[in-house]
Amino acid sequence: MNLQLSCNRAASFVTSAALVCLMSGTLRAQPTKETQVQPKAGQVQPKVGQGQERLVPEKDWKSRDLSDELKQFEALRKGEQPITDANKALLDRGAQWFAYRLTWSEYQEGKPGTKSLHNISKEALDQIIDPKASRPSPNMLQFKEDFEKRFVIRLQEVTKNPRLAARVNAAIILAKLAERGCEESADVLAEIIKDPAESDGVKLWAFRGLGRLFGLGYGDNGTPMKNKEREARAIAALTEFVTSRPKLPENATKEEVAAAAYVRTRAIAALGQTRYPGIVVPIDKKTFKIDRTTALVLLKLMRADSQPKEPTLAEQVAAATGVCHLQAKLLEQYNPDYAAYQLGRFIADFCQKYRDADHSPGNKRPMPWKSMALQLSQGLKELQAEGGNRKSAGYIEKMCKLADPILQDIMVGPPKASPDQAALANWLDQNLPKHATLYQGVATATVGNPDKTAE
């Protein structure tokens with residue numbers, strides 16, 4: 001796919017066509033004038049769009065005289081040689097080579113006789129080692145650790161480039177690094193998210209990368225982030241984004257509004273992968289506060305409570321699924337029965353919206369009801385497995401047993417099926433949660449008008 005991007009609004013917002021390009025990694029930008037100034041490693045990063053237009057590697061590996069260097073680099077990546085102090089400089093030259101070429105006009109513009117930007121991006125992606133595939137050797141794992149740290153630094157320089165396509169492809173590569181467990185990539189992805197001047201098209205890949213990096217922390221063999229300060233910065237960036245008002249022009253088109261909502265949905269999904277319902281911060285020996293209130297943020301999004309802009313149903317479903325991902329064992333003060341009650345209320349509302357929806361064949365904008373119901377159903381299974389604690393397990397199990405059949409009816413039933421949420425709604429009316437707040441000792445941690453509790 002070779003689509004040309006019109007950059008009048010796409011530099012700030014993702015159109016439907018641009019989303020297709022971004023997901024395929026083949027977005028191209030308009031040609032611009034280039035300079036060949038070599039930035040120094042470790043220098044202060046410029047703002048987005050103010051970096052060098054053409055970044056030039058220290059060594060040009062297209063030259064026949066330097067072809068042996070490329071072969072040596074490939075030998076290191078394949079684990080055929082160990083990493084030593086003598087060949088570490090080769091790793092940085094490789095990082096420059098595979099990152100900087102994303103900024104070159106001949107690839108941006110698809111000049112005859114040159115590779116496409118898609119090919120250049122794929123070559124860069126091919127340098128990333130999958131630690132779970134083909135049992136990589138110790139040499140390969142050492143290459144992965146040493147090379148990826150350098151690769152992130154060079155890709156960070158590309159994320160400041162004036163060319164949108166260069167920044168998008170750098171974000172795609174950073175997202176893949178995150179997916180393969182490179183924690184250092186989280187710093188640049190969080191920086192992308194926090195930058196108000198950056199395109200939502202670039203941020204989309206940042207959300208995808210962080211979501212997959214956080215997702216590595218699940219399961220018995222999970223590998224959560226080791227650097228907790230870095231983890232906290234990434235969570236803060238996601239939280240700030242999903243709790244802020246979307247930045248759309250006054251005359252935004254329907255496509256722009258839909259694209260912005262899609263990007264927010266991916267951000268919410270990434271936040272839901274962070275596992276922690278919140279973090280305890282001691283104030284003194286007797287008092288504490290709950291910081292990074294992820295569970296509360298997600299619940300309020302799910303129930304459309306006190307939001308700067310009414311969330312779409314897809315955003316609400318992403319928030320509901322995120323609540324199911326959170327692990328109660330990571331925060332003693334978390335009351336998962338309160339979260340389960342609010343989740344049950346949302347599923348009952350979701351069912352009613354399905355019943356009220358237009359399911360006629362002529363509906364030009366049908367909602368993906370079946371896929372959203374599947375997403376919620378899978379979330380309920382996670383909630384029962386990881387989201388509760390000893391005191392809440394029975395309440396959660398009963399709520400899920402009443403809620404899941406409703407979702408199954410939507411998933412497998414005909415378009416005009418009428419699933420009945422009455423049993424779930426009645427049970428919730430008669431079985432309020434034991435706790436009146438989401439966090440123990442935090443009276444303000446509620447959603448909407450607080451209901452009475454079982455006590």
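Laboratory data are not the source of any read-out in this text; all were calculated from the coordinates shown. Worth saying up front: this structure is predicted, and the values here are computed from it rather than measured. We place every Cβ from the backbone using ideal geometry, glycine too, and count neighbours over all the protein chains shown.
Just a few scattered comments:
- The C-alpha atoms of the chain define a longest principal axis, and helix 164-179 lies at about 70 degrees to it.
- Volume per residue of the C-alpha convex hull in the stretch 357-426, rounded to whole Å³: 85 Å³
- With the simple model of a label 7 Å out from the Cα in the direction of the Cβ, LYS122 to LYS286 spans 6.7 nm.
- Label sites at LYS370 and ASP130, each approximated as a point 7 angstrom past Cα along Cα to Cβ, lie 2.8 nm apart.
- Over the chain, relative contact order from alpha-carbon pairs under 8 Å, at least 6 apart, %: 12 percent
- Spacing of the two label points (7 Å from each Cα toward its C-beta) at THR243 and LYS62, in nm: 4.9 nm
- Answer label, with P(r) over Cα pairs in 10 Å bins from 0, in percent calculated from the coordinates and candidates [x] 4, 19, 26, 23, 16, 9, 2, 0; [y] 4, 18, 30, 29, 15, 4, 0, 0; [z] 5, 23, 33, 27, 11, 2, 0: [x]
- For the chain, the longest principal axis of the Cα atoms and the long axis of helix 67-77 meet at an angle of about 30 degrees.
- Loop-located GluC sites (Glu not before Pro) in the stretch 321-397 whose Cβ has at most 11 other Cβ within 10 Å (DSSP): GLU332
- Between 0 and 90°, nearest 10: helix 313-325 axis offset from the chain longest Cα axis: 90 degrees
- Secondary-structure-derived ellipticity at 222 nm for the chain, considering helices only, amounts to -16000 deg cm²/dmol, per-run term -39500 (n - 2.57) for DSSP H runs with n ≥ 4.
- When the convex hull of its Cα atoms is projected in every direction, mean area for the stretch 161-240 (nm²): 4.9 nm²
- Converting the Cα gyration tensor eigenvalues of the stretch 115-204 into ellipsoid dimensions via √(5λ) gives semi-axes, longest first, of 24, 15, 10 Å.
- In the stretch 190-310, the alpha-carbon atoms span a convex hull of 136 Å³ per residue.
- Globularity index of the stretch 208-257, i.e. its alpha-carbon radius of gyration over 2.2 N^0.38 Å: 1.63
- Two-decimal Rg to Rh for the stretch 271-403 - Kirkwood Rh, Cα set: 1.03
- Placing unit charges on the Cβ atoms only, positive for Lys and Arg and negative for Asp and Glu, gives the chain a dipole magnitude near 200 debye about its Cα centre.
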